[in-house]
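Here the structure comes first, spelled out in structure tokens, and everything after it is commentary.
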Amino acid sequence: MREKILEVRDLAITFNTSAGKVRAVRGVDLDLHKGETVAIVGESGSGKSVTTKAIMGILSNNGAIDSGEIHYTFEHEGETVTENLLDFSKKQMRKTINGKHIAMIFQDPMTSLDPTMSIGNQIIEGMRTHYKTKKNEAQKKAVELLELVGITDPESRMKNYPHQLSGGMRQRIVIAIALACDPDVLICDEPTTALDVTIQAKILELIQDIQKKTGISVIYITHDLGVVAKVAEYVNVMYAGKIVEKGTVEDIFYDPKHPYTWGLLLAMPDLETNTDKLVSIPGNPPNMAHDIVGDPFYPRNTYALHIDKKVEPPLIEVSETHSAATWLLSEQGPEYSLPVELEDRITRMKEEAKLYAAG
Amino acid sequence: MKKYILKRVGMSVVTLLVIVLVLFVLMQLLPGSPFNDERLSIEQQQVLMSKYGLNDSAPVQFFRYVRNMLTGDFGKSYTISKDTDVALLLQNRLPTSLLLGGLSILLGSVAGLFLGVAAALKHNSLLDSAATFFSVIGVSIPSYVFALGLSYFFGFQLSWLPMLYNADDGLRAFALPAVALSMTVMATVARFTRTEMIEVLNSDYMQLVESKGVSGVHLIFKHALRNASISIITILGPLVVSLMTGSLVVEKIFSIPGIGQLMVQAIQSNDYNVILALAFVYSALYIFVMLAVDILYGVLDPRIRLAKEDAHG
Amino acid sequence: MDKPLNRPIQQTLNDFSFIGQDNVRVMDEVYEEDSFWKQLVKRIAKNKGSVFGFVTITLIIFMALVGPMISGYEFDEQIAGHESMAPRIPVMENFGIFDGSETLKTSTGELVVNKYETIEGGEDAYHWFGTDVLGRDLFTRTWVGTRISLYIALVAVIVDVFIGMSYGMISGYYGGKVDNAMQRSVEVLNGIPNLVVVTLLIIVLKPGLMSITLAIAITGWIGMSRVSRASMLKLKESEYVLAARTMGAKDMTIMYKEILPNIFSQLLIMSMFSIPNAIFTEAFLAFVGIGIPVPMASLGSLISENFKSLTTHFYMIVPPVLVLALLMLSFNLLADGLRDALDPTMKEV
């Protein structure tokens, strides 16, 4: 039985900027079940990071939540409770949720550690704040955590400062910090984007390992479908502040329905495709400071319908797990076929998967 | 860290020596001698010149001066207080000025830090605008304008506090001048603290700290202010300079018997030994503060404290 | 949540047909860009503080140019009998303010006197800011003094541009030994408090406008040289400079044609910030007694002169203090506005 742990409904967030009001998130639904991994995929500015920051309660001061609910189910003093996190004050969030139940890993390990505090103190800080753990106990646990995230010679590393460590090591430290209070949910905001390719794979494996060992649920934010294929079970594709397609990894990779998802898949390099054959999606994401009329993706969409100019498509269900927000799926929608290159790509992916499963 | 400190100390000593040399050379260029008085006969002038060693060659005078300074002998005052050791003049006045300066720095920094942190925490609020407005005024308007205003309204019109310095008043005597001097300090510190704090509060690592569940006083002091303070202490140097200039005027306005007032007197009466000694004292004080700032900077910032000893050639 | 499907929409026949291939043009949004100066003016106009600063500076400049001419008095003219007269302004005198009367505190109590009524020909005399103890018109003197402060402001900018900027750019551009030597010298110079340099210099030279100018020239450029050096160090490694170099551009061309335009805003801000400092230096020197020689007037010397009458004739010190404070505040506000408009991340050094 899948146990729902986090349920986001109709979340909408606006930022007040000098360029006017920016509607960064425009009604997002998201579900996370215990022990599972959900990925949110999208270009920069699609609202994926903002969504998770709202879950963490760390939106910047000029951000306001217009509507929505974030229901979170957790153990509190021996009882299982479900609360709307948006009802919590900032202080309550820090005291009961942050670090203790939901932890986060950020994009750039070079800047996400406090440069003036030793690694050890940064790891034990969470335990000391939430559980008033004794210092030597917390330190013992910190050493274990450092071992868990694959840092050699953990005792001496405890005394190090961030500037003494490499980017990959720092990201491991950030993971150790996130795990310090045994959270139920780990939000990873592009945790490998700023790292070398060789280290990227190792960090991804590490997160998967930890998930196996601890049964933690993971929300994975990325713009890289390659990463999604590796780590996620469920995928949400975001565009211009909305989820435009959601489904299982198989749904998204083998049976994508939204032209934007097609674009993302075609832009993903694989071994067979020549890099010069990679297709990029033309144009740029819309300026979210303007009002959006119709489907925000239509100006970049070679499959755009006339209705896309007028009405934004709702999420239309394809199967129990799979839905996409495109008028192509509407009953009145026209006949269409996938781009040829994409058909090829999907066939190849399926074959690879078979090989992988057999091997 | 040892090497870092040694390097800084070395640099400071060199700077101080260069300053002494510059001071000395400048002195040689000074127009006329203090005994260029028509009432004195040439013989009398000669006697005086040789008495004070002013006929010796420049290098001899210079080395004598350096040697004397190391032993705390700054020569004798020519005009302000004839034949008194400059060291004695300083001895009486230095503590008063240091107390005034110390009070102003303390008062200004504490108030400034408080104001700056509050403004940064409530960024873009009314409090923030008020603090910003207040600090622009404080930074722009010279301390003696404050001194004049305070002295006129609180000292003269209302007679709440002494308008002129009197040692018997104790700390009360320092109230108005210290407040006047601390305005610039407070405004500068508040302004700088606000900018630094806003930057730190928006940094990635503060987001990570917050996402750990750390909040309140711990968040502000252990993380935000600690990181901001690395930059904030660097303004201490320029602040001390502005305090020194400010104190010259403020000591004159409140007639406080400190080194500022002495400097003004010495300048106006061409008392070279006193000017030279005071220039040295001011420079030494400034260099000492800069050195302290550099060392504090190293202590606060692990990137400097733990820099590999062999990292810099 | 709105359900677009349920909403009555104007259906047309081809709603659910493809727009076609030509839907997608490369339609990157093109933002219309104003010129540098137009943008600058637009952004500064949004900032109330800098608008205030700009207007005040313009007004003060105007008054400094025109004021001494319209007062009807010369700045060094000592009018016998007109000593220590309180401000009297036409029209406003009818409302009971600035009517030439002042309250004197004496041992027996307070006493209201109006010198305009007691002296000969006083009925028709108007001294808008009053007169000093020597009977000189303070309105004239204040604006003549303001000219000195404005001249100092100009000197500060020129020094910043010609010495500070060049020093920093050369030091940063050539790097290595040149940079090292130049920076060590700056460090030593910076180790001496300005107070000491300036006072010593003025004593060695004769007090006067020339020595004040020189004093500012010697001390005023260090901040600017730091900023321009730092920017130069950053920019000289950039691709476009490399490109210019590979095409055979000379050092001077690269420095002034390629790099200077790109660090211009920072330099502009920095020189704006150095103006109040320079104005203060002059006022400070005057107050200490080594400023402009008498009977010339500067804001600083006026404050210093009239300070002696602080408790007896308070009005004397108000105009120069007010103009000085407003001038420094305005330059700071304008500089702040410039920084916010051009380079919000820049820090003052």
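General observations
- Boolean, B:SER109 is within 14 Å of chain C (Cβ to nearest Cβ) and either surrounded by fewer than 22 Cβ atoms within 10 Å (Cβ to Cβ) or within 19 Å of B:SER242 (Cα to Cα) (or both): no
- For first residues located in the stretch B:55-84 and touching a residue at least 60 places away in the same chain (Cβ under 8 Å), partners that are loosely packed, with under 11 Cβ neighbours inside 10 Å and in a loop (DSSP other than H, G, I, E, B) and lie 6+ apart or on another chain with Cβ distances below 9 Å form the pairs B:LYS76/B:LYS82; B:LYS76/B:ASP83; B:SER77/B:ASP83.
- Qualifying positions in the stretch A:299-321 - more than 7 Å from every other protein chain (Cβ to nearest Cβ) and part of a helix (DSSP H, G or I): A:ASP308, A:LYS309
- Qualifying positions in the stretch A:29-88 - among the polar types (S, T, N, Q), surrounded by 21 or more Cβ atoms within 10 Å (Cβ to Cβ) and assigned to a loop (DSSP other than H, G, I, E, B): A:SER46
- Any hit, the stretch C:323-331, residues being out of contact with any Cys (no Cβ under 8 Å at 6 or more places or on another chain), closer than 29 Å to B:LEU148 by Cα and of a type in the set (Phe, Trp, Tyr): yes
- Qualifying positions in the stretch A:9-58 - β-branched (Val, Ile, Thr) and closer than 26 Å to A:HIS290 by Cβ: A:ILE13, A:THR14, A:THR17, A:VAL22, A:VAL25, A:VAL28, A:ILE40, A:VAL41, A:VAL50, A:THR51, A:THR52
- Sole residue being exposed (fewer than 13 other Cβ atoms within 10 Å of the Cβ), among the charged types (D, E, K, R) and modelled with pLDDT of 75 or more, chosen from C:LYS48, C:LYS3: C:LYS48
- Of all residues making up the stretch C:203-212, the number that are more than 13 Å from chain B (Cβ to nearest Cβ) and crowded, with 20+ Cβ neighbours inside 10 Å: 1
- Taking the listed residues B:SER140, B:SER50, B:SER104, the one that is within 29 Å of B:ARG194 (Cβ to Cβ), out of contact with any Ser or Thr (no Cβ under 7 Å at 6 or more places or on another chain) and polar (S, T, N, Q) is B:SER140, with no other qualifying.
- Residue in the stretch B:252-260 that is surrounded by fewer than 18 Cβ atoms within 10 Å (Cβ to Cβ) and away from chain A (no Cβ under 14 Å) present: yes
- Going through (1) more than 19 Å from B:MET206 (Cα to Cα); (2) more than 11 Å from chain B (Cβ to nearest Cβ); (3) not in a helix (DSSP H, G or I) one by one, A:LEU145 falls short only on (3).
- If you go through the stretch B:240-279 and keep only what is without any contact (Cβ under 8 Å) to a residue 40 or more places away in the chain and not aliphatic (A, V, I, L, M), you end up with B:THR245, B:LYS252, B:GLN268.
- Strands (runs of 3 or more DSSP E) fully within the stretch A:154-270 that include at least 1 residues being touching a Lys or Arg at 6+ places or on another chain (Cβ under 7 Å) and buried (at least 17 other Cβ atoms within 10 Å of the Cβ): A:217-222, A:234-239, A:242-248.
- Condition met for C:SER330 (among the hydroxyl-bearing types (Ser, Thr, Tyr), more than 10 Å from chain B (Cβ to nearest Cβ) and part of a helix (DSSP H, G or I)): no
- Of everything listed in (1) within 22 Å of C:LEU310 (Cβ to Cβ); (2) under 32 Å from the mean Cα position of the chain (by Cα); (3) not basic (Lys, Arg), the single unmet condition for C:ILE70 is (1).
- Scanning the stretch A:338-358 finds no residues that are modelled with pLDDT under 85, part of a loop (DSSP other than H, G, I, E, B) and in contact with a Leu (Cβ under 8 Å, 6 or more places away or on another chain).
- The listed residue being assigned by TED's automatic domain parsing to the domain that holds B:ARG8 and hydrophobic (A, V, I, L, M, F, W, C), out of B:LEU243, B:LEU239, B:LEU306, B:LEU262: B:LEU306
- 3 or more residues more than 18 Å from B:ARG93 (Cα to Cα): qualifying helices (runs of 4 or more DSSP H) within the stretch B:197-313: B:204-211, B:226-232, B:236-253, B:272-300, B:302-305
- Residue that is farthest from B:MET163 (Cα to Cα), among those in the stretch B:131-148 that are in a helix (DSSP H, G or I) and within 7 Å of another protein chain (Cβ to nearest Cβ): B:VAL136
- One residue from A:THR14, A:THR37 being touching a Phe, Trp or Tyr at 6+ places or on another chain (Cβ under 8 Å) and either away from chain B (no Cβ under 14 Å) or without any contact (Cβ under 8 Å) to a residue 60 or more places away in the chain (or both): A:THR37
- Taking first residues from the stretch B:154-165 that are more than 9 Å from chain C (Cβ to nearest Cβ) and partners that are charged (D, E, K, R) and surrounded by 14 or more Cβ atoms within 10 Å (Cβ to Cβ), the Cβ contacts under 9 Å between residues at least 6 apart in sequence or on separate chains come to B:TYR165/B:GLU251.
Here's the yes/no breakdown for (1) surrounded by fewer than 15 Cβ atoms within 10 Å (Cβ to Cβ); (2) modelled with pLDDT under 85; (3) within 29 Å of C:LEU260 (Cα to Cα):
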position	(1), (2), (3)
C:GLY172	no, no, yes
C:VAL188	no, yes, yes
C:LEU201	no, yes, no
C:LEU214	no, no, yes
C:MET224	no, no, yes
C:LYS236	no, yes, yes
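- C:ILE290 assigned to a helix (DSSP H, G or I) and either touching a Cys at 6+ places or on another chain (Cβ under 6 Å) or of a type in the set (Val, Ile, Thr) (or both): no
- Against the conditions (1) facing another protein chain (nearest Cβ under 8 Å); (2) at pLDDT 80 or above; (3) within 19 Å of C:ILE216 (Cβ to Cβ), C:SER298 satisfies every one except (1).
- The residue of the stretch A:94-122 that is surrounded by the most Cβ atoms within 10 Å (Cβ to Cβ), among those that are more than 7 Å from chain B (Cβ to nearest Cβ) and assigned to a loop (DSSP other than H, G, I, E, B), is A:PRO109.
- Total residues in the stretch C:173-220, condition closer than 26 Å to B:LEU239 by Cβ and of a type in the set (D, E, K, R): 2
- Failed item in (1) surrounded by 15 or more Cβ atoms within 10 Å (Cβ to Cβ); (2) in a helix (DSSP H, G or I), with C:PHE75 passing the rest: (2)
- Flag if C:LYS308 is over 25 Å from C:THR219 (Cβ atoms), more than 10 Å from every other protein chain (Cβ to nearest Cβ) and without any contact (Cβ under 8 Å) to a residue 24 or more places away in the chain: no
The values are calculated or read from the model by the stated rules, or taken from the named source; none is laboratory data. Since this is a predicted model, take the numbers as computed values, not measurements. Cβ sites come from the backbone with ideal geometry, for glycine too, and all protein chains shown count toward neighbours.
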